[in-house]
1. Condition check: part of a helix (DSSP H, G or I), of a type in the set (Val, Ile, Thr) and in contact with a helix residue (DSSP H, G or I) (Cβ under 9 Å, 6 or more places away or on another chain). Does residue 195 satisfy that?
2. Among the numbered criteria (1) open to solvent by less than 40 Å² (accessible area, probe 1.4 Å); (2) under 25 Å from residue 146 (Cβ atoms); (3) without any contact (Cβ under 8 Å) to a residue 60 or more places away in the chain; (4) not aliphatic (A, V, I, L, M), which one does residue 209 miss?
3. Considering only segment 98-123, state which residues are in contact (Cβ under 8 Å) with a residue 40 or more places away in the chain, under 14 Å from residue 85 (Cα atoms) and hydrophobic (A, V, I, L, M, F, W, C).
4. Every residue in segment 125-182 that is under 30 Å from residue 96 (Cα atoms), in a helix (DSSP H, G or I) and in contact with a strand residue (DSSP E or B) (Cβ under 8 Å, 6 or more places away or on another chain), please.
5. As an exercise: evaluate residue 313 against (1) closer than 30 Å to residue 145 by Cβ; (2) out of contact with any strand residue (DSSP E or B) (no Cβ under 7 Å at 6 or more places or on another chain); (3) open to solvent by 10 Å² or more (accessible area, probe 1.4 Å) and give the number of the one condition it does not meet.
6. Across segment 288-302, which residue is most open to solvent (accessible area, probe 1.4 Å) among those that are in contact with a strand residue (DSSP E or B) (Cβ under 9 Å, 6 or more places away or on another chain) and not aromatic (Phe, Trp, Tyr)?
7. Working only within segment 43-71, note down all residues that are free of Cβ contacts under 8 Å to residues at least 40 places away in the same chain and not in a helix (DSSP H, G or I).
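The values are calculated or read from the model by the stated rules, or taken from the named source; none is laboratory data. Quantities reported herein were computed from a predicted structural model and do not represent experimental measurements. Note that each Cβ is placed from the backbone with ideal geometry, even for glycine, and that neighbours are counted across all protein chains shown. Side chains included, ligands, DNA and RNA excluded: accessible areas come from the protein's heavy atoms. Shrake-Rupley method; radii C 1.70, N 1.55, O 1.52, S 1.80 Å.
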Amino acid sequence: ANGDVVVCTENDNPELFSAIPWSHGTLGFLVSVDFKIIKCKSHVKMTYIPCQTKEEYLDVFGRESRDLTNDFVEGLVYTKETGVIMKATLTDDVNTSQVNHIGYFWKPWFYKYVQSFLSSGETKTEYIPLTHYFHRHTRPLFWEMEEIIPFGDALWFRCLFGWLGPPHVKLLKKTQTETIRRLYEQHHVIQDMLIPMGALGDAINVFHDEVEVYPLWLCPMALLPSGDSGFMKPVMKDGQVVERMFVDLGAYGVPNVSNFEASGTLRRLEAFVRKVKGYQALYADCFMTRDEFHEMFDHTAYDTLRTRYGAVGAFPEIYDKISRAARR
């Protein structure tokens with residue numbers, strides 16, 4: 001806060017290096033970043049694995065997430081018992097007869113295309129241009145476009161008007177009235193929860209009971225040792241690390257349960273995530289109290305660093321930036 005420039009790496013000021021992620025600008029200003037990049041390739045080789053039982057998709061997702069030969073892994077859960085797991089590797093060695101340009105505007109929305117593998121039961125491998133893969137969820141805004149344009153994935157609409165989409169999120173927000181905004185907050189959920197891999201089955205049960213929003217998005221995330229002094233910790237038992245692999249479980253859409261009530265429902269979801277030693281993505285609505293937030297996120301190093309670098313009084317605490325309760 002006094003204007004000093006501090007350089008941090010894994011070896012130089014490692015506590016600050018670990019604390020910056022998820023700190024949301026509450027430790028100081030991040031003025032520059034050096035980071036490693038990898039050489040990209042022209043395509044990804046994608047394999048779709050349809051699963052007809054919950055046990056099957058949990059097993060396949062867990063196994064593929066820990067397989068370091070995969071560059072990308074994700075899952076789409078379409079019902080409590082069915083899902084499709086996808087694994088992909090970067091490649092320049094392409095079978096041109098198996099290339100699928102999924103990003104063309106006349107193509108089916110990606111999540112609808114993936115769902116078709118549940119009907120066929122076919123495990124399929126194909127090649128997707130890299131930019132198309134990175135934007136696989138862009139045209140349907142994951143699956144939120146279906147709420148805006150219910151017929152948006154119809155072939156006639158894609159062919160005639162697909163080139164107009166997707167609408168820019170800023171445009172959607174600017175054209176949103178206060179009444180629509182309140183209705184959206186009360187009858188819509190956008191949440192990403194980071195769940196330890198071993199608790200994923202229980203998490204899907206809880207999300208089904210509380211919101212019943214499908215598809216659910218599964219994306220693996222490993223907590224590396226370099227971040228152990230930061231906000232997020234691996235699962236510990238008797239002083240030993242027992243799990244570093246977490247799953248980003250994303251729920252986006254209109255709940256299909258009759259008892260959904262935004263504050264109460266999300267507080268129950270937050271309580272479950274705390275119980276299993278998981279974490280809430282902080283872009284989303286947070287209804288936790290300050291004490292509950294401190295229970296979920298380890299503030300030990302964070303509080304020490306705020307004092308050391310003069311951030312107390314100069315920058316708000318992270319809870320005061322992200323919590324709905326604290327902002328009111």
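1. Values: part of a helix (DSSP H, G or I): no; of a type in the set (Val, Ile, Thr): yes; in contact with a helix residue (DSSP H, G or I) (Cβ under 9 Å, 6 or more places away or on another chain): yes.
Against the criterion (part of a helix (DSSP H, G or I), of a type in the set (Val, Ile, Thr) and in contact with a helix residue (DSSP H, G or I) (Cβ under 9 Å, 6 or more places away or on another chain)), residue 195 does not qualify.
2. Against the list (1) open to solvent by less than 40 Å² (accessible area, probe 1.4 Å); (2) under 25 Å from residue 146 (Cβ atoms); (3) without any contact (Cβ under 8 Å) to a residue 60 or more places away in the chain; (4) not aliphatic (A, V, I, L, M), residue 209 comes up short only on (1).
3. Within segment 98-123, 114, 117, 118 meet the criteria.
4. Residues of segment 125-182 under 30 Å from residue 96 (Cα atoms): 125-143, 152-166.
Still in the list and also in a helix (DSSP H, G or I): 130-134, 155-164.
130, 133 - these are the residues of segment 125-182 that are under 30 Å from residue 96 (Cα atoms), in a helix (DSSP H, G or I) and in contact with a strand residue (DSSP E or B) (Cβ under 8 Å, 6 or more places away or on another chain).
5. It fails just one condition, (1).
6. Of segment 288-302, the ones in contact with a strand residue (DSSP E or B) (Cβ under 9 Å, 6 or more places away or on another chain) are 288-290, 293, 296-297.
Going one step further and asking which of them are not aromatic (Phe, Trp, Tyr), we end up with 288-290, 296.
Working: 288: 1, 289: 62, 290: 90, 296: 12 Å².
Only one residue tops the list, namely 290.
7. 51, 53, 67, 68, 69, 70, 71
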